[in-house]
Structure formats: structure tokens, C-alpha cells
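Single-structure report; data block below.
The values are calculated or read from the model by the stated rules, or taken from the named source; none is laboratory data. These figures come from a predicted structure and were not determined experimentally. All Cβ positions, glycine included, derive from the backbone under ideal geometry; neighbour counts span all protein chains shown.
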């Protein structure tokens with residue numbers, strides 16, 4: 001599904017060159033649940049932008065579902081983002097004047113022929129995240145957890161092959177965070193491929209694969225049970241995970 005080979009991303013600040021990504025190799029298969037971890041400046045957000053076709057690598061290969069993205073036009077990249085990638089952000093990014101149903105409908109405005117039957121599909125997406133009874137509510141009438149559920153429904157409405165989540169629980173309390181993570185767990189069981197960026201161990205432990213970054217490089221790429229920090233969080237008493 002995803003193949004990165006020797007991907008580099010350089011930013012120039014004055015005379016200085018910043019290697020945000022420095023020779024990244026990565027493969028992600030369908031139905032994987034991956035957490036990308038690292039300190040600020042490690043390259044994890046840049047990697048997410050590249051994976052989401054929001055930014056192009058300076059060099060290297062990025063193939064998404066077998067198609068090289070480096071050769072895509074801006075229009076093709078926009079179509080790929082709309083049809084194949086669902087985004088969930090820390091700050092929800094909902095339009096305050098629109099109700100839940102209309103917020104979820106937004107990605108279909110930009111999809112060819114997507115507006116046909118859009119409300120039916122948006123209702124189904126809201127039902128999937130447990131908000132079928134909140135379709136007429138505006139964001140300011142909902143809790144933080146409910147707003148993030150709307151954002152997840154919006155990300156899912158075009159049936160993307162990949163769900164990218166950038167610190168999806170960063171603005172939520174512990175109870176709402178666990179509800180969102182339980183929703184992600186269910187989406188993964190249903191077959192959704194999920195890649196999330198986080199610095200929190202309690203969030204990353206829900207993933208099945210842990211990638212740690214430092215200085216624009218992948219420091220480690222391990223199954224959850226093999227990552228020592230996550231393994232202790234999942235299995236603090238030493239019993240079987």
C-alpha cells in the first residue's frame with residue numbers, strides 16, 4: 001500500500017539546510033495500525049505530510065497503492081488526497097456554522113460525482129462513529145470527544161484506503177481520549193489502515209507497530225510487543241498482552 005525508498009525532505013532557512021527527512025525507507029501494508037513517535041523536530045510531522053500528499057519529498061520514491069506520487073500533478077495529488085486518504089487533526093478542523101451532517105459532507109463536494117447521495121453517506125459515517133443522533137448539532141453544541149468523532153466520520157466518508165491521524169487526542173481529556181482510541185481500535189478491526197502521529201505512550205499502545213524517529217530518520221520500527229516502552233505500558237505486570 002505504502003512504499004517509501006530513500007525519501008529526503010530538505011528545507012532551506014537562510015543559508016542553512018534542514019534535513020527534515022533524511023533517507024527514510026518505509027513500507028505499510030493494508031490493515032496495519034502504525035504509531036509514529038518522536039520528539040519535536042524528529043521528522044514525524046513532515047513524514048505525515050508526505051504520506052498525506054500534502055508535501056512532496058525533495059528526493060526519493062513514494063508509491064501509494066502502486067502509483068508513484070512524485071510524477072503526479074497538483075490536480076492528481078488533490079484527487080488522491082480526497083479519495084484515498086482521510087485526515088484527522090488534533091484541532092478537529094470543523095466549520096463552526098455547519099452542523100455535523102454538513103461538516104461530514106464537505107469532502108464529497110470535491111469528489112467527482114461525490115455529491116450524489118452525499119447526505120445518505122454522511123449519515124452512515126456518523127452512525128459508524130456513534131453520532132447518528134447528532135446530525136443537526138453544530139460543533140459548539142457538542143463535547144470535544146463528539147467533535148473529534150465528527151472529524152473521524154468526515155475522514156471516513158469517502159472510504160479512504162488510509163486514515164492519517166495527527167495527535168488525534170491532543171485536545172481531549174482522558175475519558176474522551178479513550179473513547180476515540182476505542183473507535184480507532186474498532187475501525188482497525190473492520191479493516192481500516194491507520195497511521196497516527198503521537199508523543200503519548202498511552203495513545204501509541206493501541207497501535208500494532210511502533211515507529212520511532214529522530215533527526216529525520218527512522219530509529220526503530222518494531223511490533224508493539226517488541227518496543228520496550230510500549231510493551232511495559234501494555235503489559236505492566238508481566239502477564240501476556
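Taking region 113-126 as the range and being in a loop (DSSP other than H, G, I, E, B) and under 15 Å from residue 160 (Cα atoms) as the test, only 114 passes. Among residues of region 115-144 that are at positive phi, those with a beta-carbon under 7 Å from a residue that is surrounded by 12 or more Cβ atoms within 10 Å (Cβ to Cβ) at least six positions away or on a different chain give the pairs 130/149. Could you go through region 141-156 and let me know if any residue there is at pLDDT 95 or above, farther than 23 Å from residue 187 by Cα and part of a loop (DSSP other than H, G, I, E, B). There is no residue in region 141-156 that is at pLDDT 95 or above, farther than 23 Å from residue 187 by Cα and part of a loop (DSSP other than H, G, I, E, B). Considering 209, 217, the condition of being at pLDDT 95 or above, under 23 Å from residue 27 (Cβ atoms) and more than 15 Å from the chain's Cα centre (by Cα) is satisfied by 217 alone.
Within the span defined as region 164-179, every residue fails to be part of a helix (DSSP H, G or I) and either under 17 Å from residue 83 (Cβ atoms) or touching a strand residue (DSSP E or B) at 6+ places or on another chain (Cβ under 7 Å) (or both).
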